[in-house]
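What follows is a short report on a single structure.
The values are calculated or read from the model by the stated rules, or taken from the named source; none is laboratory data. Predicted model only: the values in this text are computed from it and were never measured. For neighbour counting, all protein chains shown are included, and Cβ atoms are generated from backbone atoms with ideal geometry for every residue, glycine included.
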Amino acid sequence: MQDIKYGRVVHRREDFRLTQGRGLYAGDIALDGMTHAVFVRSPHAHARVLSVDASALPAAAVALLPEDVAGLGRYGCQLKDQDVLANPARFVGDVVAAVSAPTPAAARAAAASLNVSYAELPAVFDPLAAVADGAPLVHAESGSSAGDAVSIGVRPLAGTNVCHRFRLVHGDAERGFEDADVTVEETFRTAGAQHAPMEPHATLASWTDGGRLELTTGTQTPFNLRDDLAGVFGLEPDRIRVVAPLMGGSFGAKTFTRLEAVVACLARKAGRPVKAVLERSEEFVTLGRHPAVVRVKLGAAKDGTLVAKRVDCWADTGAYADCGPGVTTKMGYAGIGPYRIPHVRVDALAVYTNLPPNGAFRGYGATQSVWASERAMDMLAERLDISPLELRLRNLLRDGDRFATGETMRDVHFDECLRAAADAVGYEQDPRGKGLCVLLKGMQTPSRAAIAVERTPVGYTIRSASCEMGQGVRDSLRLQGAALLGCEPGQIEVPDPDTDSSPFDTRTTSSRSTYMMGRALGEAVADLSANGGERGYGEIANEGGLDPDTGQGVASTHWHQGAAAAAVSVDEETGELTVERLHAAVYAGRVVDRAGAELQNEGSMIMGLGTALFESVEHAEGQITNANLSDYCLPALGDLPGALTHELIEREGAEPHGLGETALPPVPAAIGNALGSLGVHVTDLPMTPERVAEAAA
Amino acid sequence: MMLDLTLNARPTALECEPDEMIIHVLRRAGLSSVRETCGIGVCGACTVLLDGEPVSGCLLLAGQAVGRELTTVEGLPAEHPLPMAFDAEHAFQCGWCTPGMVLTAKRLLEENPDPSDEEIAAGLGGNLCRCGCYVRIRAAVRRAAA
């Protein structure tokens, strides 16, 4: 593949369609006879459902009631801990019943006609309170392991709210701290966040006469969803078809089973297609980013050589585990940072609370622990009186080093990323008001990606389950396909993922598709060439995984590597923090789609800016108090720093490298460290004016 | 009730409820570029032009459009410079917010044919893009202005 020229700037096949407003998303799709769903949600954070009175239900409506779901299986991607209708309800907004009616307005009226009686139960809203003795249990018993959707061993602690514990032991941390000349220790917090894709969740479900379930739904995980639903309905997976059209953004929100189980049940009961499109307020109770408490203890020799690190995480996964165990595992090992440290101990807990569930979110656990870990590095540098840049460079992992998981690191570029970020803000000339952050982030390991290529009259069709959410995976495949097949990108069609016709893929997450699916495509084209040029099939697997009790093994076969630098000014009286300059450097290997890659960097940085400065899901007694886009602010054009720049670090002959998320996690710590360089030490995200003013006082 | 208006330059009559917001009426009429997103008029994704002024479709009662001229992105000519500029600058990822951006920018450029970066930021301040394509969106508006 050495001679293949990627990195062209091309126009997407669908570009003009999108700028003309002709993109079709799941919610735009309609079927004859379709009705509309509305969910009935618990107003209580924890309550047993005593009865649902449907006697006033309008004649044209259908209600899905607790008795309708009694015989169905539970679902959940890592722990099967979720029922189609909740009883007890475990958070404000948990779905306890649902209705469908011919119009959305009629469905809202029908939902209001149901009368649900509850008996309230004690609730808990904080991950530290939830692990204390005597805390109310969110789940009376641990959910069972979810089988093949699990990429990690899940370790629930029976009789507690801990749904997963990840530990990593490398060397002897306690002895290491004894040997350290200097030790710093601090507790950091990060707020919950909303993915807030512009397109809300939307699902359309119907059943064929033969008893097959067909779903059109905005999802990054069509095969995981299909398998999870097969368990709910007791069907063979091939009795379920999932079609995944273009999404209007996702960022992790549209993963695993969200509305689909309830909508599918409603469609079965109604005997006709049912569509659900969430309102914005419902997005806030559907999935978010884990708020976390991360405690870091870091020890070094006088010369700045790191000797020991301890990372403890409490991740609030809300009322259901979702992929919280996986997020927490990654939070744990990403918190070690891209450093050589002889003694490391990590203890990371995914904790149930009576809040809406949290799951995959661009950055996947790294955002939380990188904030803590990289702020602690600057605190240590200050104690040692060493430049934060120098301290990092002295300890960075190099090619051939072993990470704390025991795996040997290859294709390592942390040094280049960090130096590039530092240079962009003139860090060495004058570090005042400037901050740095460098990170490593793993890719889904183990996983499998398969793809099929077939010749058509216009060129080729490439079928895969890589889902398009705006990240540009279709262009990435088209460009790689054109280079491999010797045709123009415009001659290649990439249909929507469809579990009936697309080969298996683990999922479109963890910035893996360009790299994994791209390699599978190479195999498929080789197969096509060897077999008459009509059709080819390719499959790639990466093997590995970590032992959840020791953290040893292979965390990732492909490391996302990046750094960020910020320059800030602050009004210490008002706490107003101004980001004047923000730069990110991301290892790209070889860029496939230049415009797409640049947009991923910029988008990650801007999302990181929101995380750093103002995004926070607020709640009172379990009720989200800012569940709208007026009180929960997203970055707007006017929020951009004076200068927002970035670079894609490429190497001749390198493989394409995933980069969909890398530039997000380093942004908050780069800004926090810039603020720290001015003597203002903030430990909690977001860095609101109140927090900054308090830290400056 | 029947809503008589000029929709994308054509005299049109649409069925609607008296308490209905125009976004739902337009979507029923097949104009799927008008996208319900925040529901409270802060994100700009359902922007339409009412007598040339950008308004949020989720806040405009259908009846308020009676006798007026309403434009969605479907009503712009295919070679309109703004969609062309968004295309040329790659000023979007998922495409969801693009129609609202294009329509708001259209009015911005009518009022101010050569806006500064600050004026573009202020003019598009009510249009959110969660994919974070703002650097390119700004470039697209500049390109269309040139």
Within the range B:108-126, work out how many residues are at the interface with chain A (Cβ under 9 Å from one of its Cβ atoms), touching a residue at least 12 places away in the same chain (Cβ under 8 Å) and outside any helix (DSSP H, G or I). 2
Here's a check for you: in the range A:640-656, which residue that is more than 14 Å from every other protein chain (Cβ to nearest Cβ) and assigned to a loop (DSSP other than H, G, I, E, B) is surrounded by the most Cβ atoms within 10 Å (Cβ to Cβ)? A:656
Members of the range A:338-365 that are among the small types (Gly, Ala, Ser) and either outside any loop (DSSP other than H, G, I, E, B) or more than 16 Å from residue A:77 (Cα to Cα) (or both): A:348, A:350, A:363, A:365
What are the residues in the range A:602-633 that are assigned to a loop (DSSP other than H, G, I, E, B), of a type in the set (Gly, Ala, Ser) and on the phi < 0 side of the Ramachandran plot, if any? A:616, A:627, A:630
If I ask for residues that are surrounded by fewer than 19 Cβ atoms within 10 Å (Cβ to Cβ) and either closer than 24 Å to residue A:181 by Cβ or more than 26 Å from the chain's Cα centre (by Cα) (or both), which ones from the range A:397-414 would you list? A:398, A:399, A:400, A:401, A:402
Name every residue in the range B:7-47 that is charged (D, E, K, R) and either within 30 Å of residue A:635 (Cβ to Cβ) or within 12 Å of chain A (Cβ to nearest Cβ) (or both), in order of residue number. B:17, B:19, B:20, B:27, B:28, B:35, B:36
Since residue B:129 meets every condition but one in (1) facing chain A (nearest Cβ under 10 Å); (2) in contact with a strand residue (DSSP E or B) (Cβ under 8 Å, 6 or more places away or on another chain); (3) outside any helix (DSSP H, G or I), which condition does it not meet? (2)
Suppose we filter the range A:102-135 for residues that are of a type in the set (Phe, Trp, Tyr) and either within 14 Å of chain B (Cβ to nearest Cβ) or part of a loop (DSSP other than H, G, I, E, B) (or both); how many remain? 1
Pick out, from the range A:424-483, the strands (runs of 3 or more DSSP E) lying fully within it that include 2 or more residues that are over 29 Å from residue A:380 (Cα atoms) and out of contact with any Lys or Arg (no Cβ under 6 Å at 6 or more places or on another chain). A:447-455, A:460-463
Being in contact (Cβ under 8 Å) with a residue 60 or more places away in the chain, small (Gly, Ala, Ser) and not in a loop (DSSP other than H, G, I, E, B) narrows B:67, B:63, B:44 down to just B:63
Whether any residue in the range B:80-91 is in contact (Cβ under 8 Å) with a residue 60 or more places away in the chain, buried (at least 24 other Cβ atoms within 10 Å of the Cβ) and not small (Gly, Ala, Ser) is what I want to check. yes
Can you give me the number of residues within the range A:630-639 that are at the interface with chain B (Cβ under 7 Å from one of its Cβ atoms) and closer than 20 Å to residue A:355 by Cβ? 0
Do we have any residue at all in the range A:263-283 that's closer than 28 Å to residue A:621 by Cβ, buried (at least 23 other Cβ atoms within 10 Å of the Cβ), in contact (Cβ under 8 Å) with a residue 12 or more places away in the chain and away from chain B (no Cβ under 14 Å)? no
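Yes/no per residue for (1) aromatic (Phe, Trp, Tyr); (2) surrounded by fewer than 20 Cβ atoms within 10 Å (Cβ to Cβ):
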{"residue": "A:602", "(1), (2)": "no, no"}
{"residue": "A:610", "(1), (2)": "no, no"}
{"residue": "A:620", "(1), (2)": "no, yes"}
{"residue": "A:632", "(1), (2)": "yes, no"}
{"residue": "A:637", "(1), (2)": "no, no"}
{"residue": "A:658", "(1), (2)": "no, no"}
Subset of the range A:192-207 (residues that are under 25 Å from residue B:132 (Cβ atoms) and either basic (Lys, Arg) or in contact with a strand residue (DSSP E or B) (Cβ under 8 Å, 6 or more places away or on another chain) (or both)): A:192, A:193, A:194, A:195, A:200, A:201, A:202
Within the range A:376-383, can one find any residue that is at pLDDT 95 or above, closer than 29 Å to residue B:130 by Cβ and touching a strand residue (DSSP E or B) at 6+ places or on another chain (Cβ under 9 Å)? no
Looking across the range A:534-556 at residues that are in contact with a helix residue (DSSP H, G or I) (Cβ under 8 Å, 6 or more places away or on another chain) and part of a strand (DSSP E or B), the single one that is surrounded by the fewest Cβ atoms within 10 Å (Cβ to Cβ) is A:535
